[in-house]
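What follows is a short report on a single structure.
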Amino acid sequence: MNIKEMTEKRHALLESLNEELNAAEIAAVIREEEGAPEMVSAMLDELGDGELEVLGDFFFRPFETEEDTTQYFSAVITITDEIPKERLAELYEAISYVNFSLPAGCFSIDKDHRFLCFVLSIPLPVEMEDPALFEEIDLAVGNAFAIADAHIGILSDVLSGKENADGVVAFLGGKGE
């Protein structure tokens, strides 16, 4: 594998994803920051009740070595960057119930207890070619949107104190037990 060629291929895929999101009237840009992988960032105001400013970041994780045979594409949807400390324990319990019921990905809180995100990473063969590779990343983005959207409301209610972990279990129909 030639990492330079793969980086160019990934860039083209991210450009296509960015164009697709913009065509769907989702504000998206390609970002490059030192120390971070190139990514598409999008404002996802269609998720949840529309009151939260939800940010989606979509990117390929860096290669470990030139011998890698698998690459990983990630969709990270940041629901909030302000978690009230008094809601943290209840949120952790609620997330555990939700994660148990998910078909893929997980909700997560960062180590500094600031960010609540939904994370979906998928493995893809390095040798996979377009258009199949684009179809896979497009599917991952769509699945991340759908799964996050289905749970943003109840987790927002836990964040605000309107709901507790028992309410999450009821919302899930007992799947979290």
Contact order relative to length for the chain, counting C-alpha pairs under 8 Å separated by 6 or more residues, stands in percent at 21
Quick calc, Val119 & Thr70: beta-carbon distance into FRET formula, R0 22 Å, rounding 0.05, result 0.80
From most to least accessible, 1.4 Å probe, no ligand or DNA/RNA atoms counted, Ser74, Ser121 line up as Ser121, Ser74
The answer for the per residue Cα convex hull volume of region 21-108, in Å³, is 166
Expected max-MSF residue from Ala94, Ala148, Ala24 in the GNM of the chain (alpha carbon, under 10 Å) is Ala24
If the chain between Met1 and Arg31 were fully extended at 0.36 nm per residue, the gain over the current Cα-Cα distance would be 8.3 nm
If N is the residue count of the chain, its Cα Rg over 2.2 N^0.38 Å rounds to 1.09
Of the convex hull drawn through the C-alpha atoms of region 127-174, the volume per residue in Å³ is 93
Helix-only [θ] at 222 nm, the chain, -39500 (n - 2.57) per DSSP H run of 4+, per residue, nearest 500, equals -13500 deg cm²/dmol
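The values are calculated or read from the model by the stated rules, or taken from the named source; none is laboratory data. All values derive from a computational prediction rather than experimental measurement. Note that we place each Cβ from the backbone using ideal geometry, even for glycine, and neighbour counts take in every protein chain shown. Heads up: the accessible areas ignore ligands, DNA and RNA and are worked out on the full protein's heavy atoms, side chains in. Shrake-Rupley method; radii C 1.70, N 1.55, O 1.52, S 1.80 Å.
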